[in-house]
1. With labels modelled as points extended 7 Å from the Cα through the Cβ direction, what inter-label distance (nm, one decimal) is found for residue 160 paired with residue 132?
2. What's the exposure ranking of 158, 102, going from fewest to most Cβ atoms within 10 Å?
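Readers should treat all values here as calculations from the given coordinates under stated rules, not as data from a laboratory. Because the structure is a prediction, the values reported are computed rather than measured. When we count neighbours, we look across all protein chains shown, and the Cβ atoms used for this are built from the backbone with ideal geometry, even at glycine.
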């Protein structure tokens, strides 16, 4: 499935014209769906589906908002589906250094942002948490953390689409 995104002035090849990141099983991971929301921004709504525990039992919807000033300002990523993760807070805000205002580089491609996000989900960074209690649990009792992380998609997660 390839969807069209129309936004004059966007020069990032990953979003201009065909949105190649919207293909399920694309080069950046199992990600599906994108849409245009407003004249002032582009929003891509995606489902992140990991194949490795503890996040392999559900799909997690996230939204990537590209401000009107993009690529001079970074996109904002929000998880819309609850996820048990030390670097993602209860409101879905993500601690991803590459998209912070002070670290953002306009040359950063959308695919790089998504690759960084999937790497963070796969490998939490407890030294830079948004939820200190989960970071401590991850560091001190990985088995308990994984058990708790598996329970959240059962309760809040989306069903995984059939490949």
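1. The answer from the label model is 3.5 nm.
2. Values: 158 14, 102 6.
Fewest to most other Cβ atoms nearby, the residues stand as 102, 158.
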